1. Can you figure out the FRET efficiency of Leu93 with Leu181, using R₀ = 35 Å and their beta-carbon distance, to the nearest 0.05?
2. Based on a Kirkwood Rh over C-alpha pairs, give the Stokes-Einstein translational diffusion coefficient of segment 58-134 at 25 °C and viscosity 0.890 mPa s in µm²/s.
3. Let me check against my output: what whole-number percent is the relative contact order of segment 138-247, with C-alpha pairs under 8 Å and at least 6 apart?
4. Which sequence of His145, His193, His62 reflects their accessible areas, 1.4 Å probe, from the largest down?
5. Determine the sum of side-chain charges near Ala189: Lys and Arg each +1, Asp and Glu each -1, restricted to other residues whose C-beta is under 15 angstrom from that of Ala189.
6. Got a sec? What order do Ile121, Ile202 fall in by accessible area at 1.4 Å, biggest, i.e. largest, first?
7. Going 7 Å from the Cα of Val160 in the Cα-to-Cβ direction, what parts of segment 85-101 have a backbone nitrogen less than 15 Å from that spot?
8. For Glu57 and Trp167, calculate 0.36 nm times their separation in residues minus their Cα-Cα distance, and state this gained length in nm to one decimal.
Amino acid sequence: MRSGNGRQGHGHRGLGFRLTVAGLAAALIMIPFSLLLVVAKMPVDGLDAQAARNLHEYALAHPGVTWFLLVWTDLFGPWTWRFAVIAYAAWLLYKGAPRLAAWAVTTVTVGGLLGLALKIIVARARPHLPDPVALAPGDSFPSGHTVNVTLGAGVIVLLVLPMLPRWGRVAAWAVACFLVLSVGYTRIALGVHWVSDVAAGIVLGAAVIAATAAAFETWRREQGRRPASPPVEGVEPELVKAINERN
């Protein structure tokens, strides 16, 4: 019994290490992408400038829409997702699913820190527009709101997938995609981010989730679990059975 517990503890420590390394590996992909996109001034800058001008003119002409965008971007801002994931992780710990709790918190934490690190590395200025309708501190690339909504929505969907029927899984992904795209749009429409900032935020968030979910799946298989597809079944398909057995 003691030997088994020792192996289990070693497995938990190994999982945490895998998740952290996987998240950092995503950064190795994002850093050269960021430098090419922003520092090398690729043609996407023209799209950035045109979109910023057009949406800023619309925001000034439609204050009611602008107010709604401000509410939406705050409602689904970074701290909303951080609190949501932490609360879900606490519930998972209560239900006896510490591995899932560790995956969720590690993914959001590593992804958020990578987003901040890329802001410092790239140091891109935010749009400078006449009569701005919104202001935001710090550098522009990537969009922190977009990174965090991608991480938060993606993590929560992958946690709840095992508890949903097939149609519910499709609906969950659809809602998550809508939230990601809508929050990203608010950042551009309010003039606080460029289009490429938002695109990079989505790419970074998705890359971190994919990396940590793959690391978790590799760990599952090494523990003798059956192979699973995280985007379809969630990161731990055994979740529902394990929780029901503890109730």
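The values are calculated or read from the model by the stated rules, or taken from the named source; none is laboratory data. Being a predicted model, the structure only gives us computed values, none of them experimental. Glycine also receives a Cβ, built like all others from the backbone with ideal geometry; neighbour counts cover every protein chain displayed. Side chains are part of the model used for accessible areas, which takes the heavy atoms of the whole protein and leaves out ligands, DNA and RNA. Shrake-Rupley method; radii C 1.70, N 1.55, O 1.52, S 1.80 Å.
1. Working: r = 32 Å, r/R0 = 0.91.
Result of the calculation: an efficiency of 0.65.
2. Details: Rh = 15.4 Å.
The Stokes-Einstein estimate is 159 µm²/s.
3. On the way: 110 pairs, mean separation 44.7, N = 110.
Once normalised by length, the contact order is 41 percent.
4. Values: His145 35, His193 5, His62 70 Å².
Descending order: His62, His145, His193.
5. Details: positive: Arg53, Arg126, Arg187; negative: Asp48, Glu57, Asp74, Asp131, Asp197.
Computed value for this residue: -2.
6. Ile121, Ile202
7. Counting backbone N atoms under 15 Å from the label point, the list is 85-89, 91-92.
8. On the way: separation 110, 0.36 × 110 = 39.60 nm, distance 4.02 nm.
Going from the current span to full extension adds 35.6 nm.
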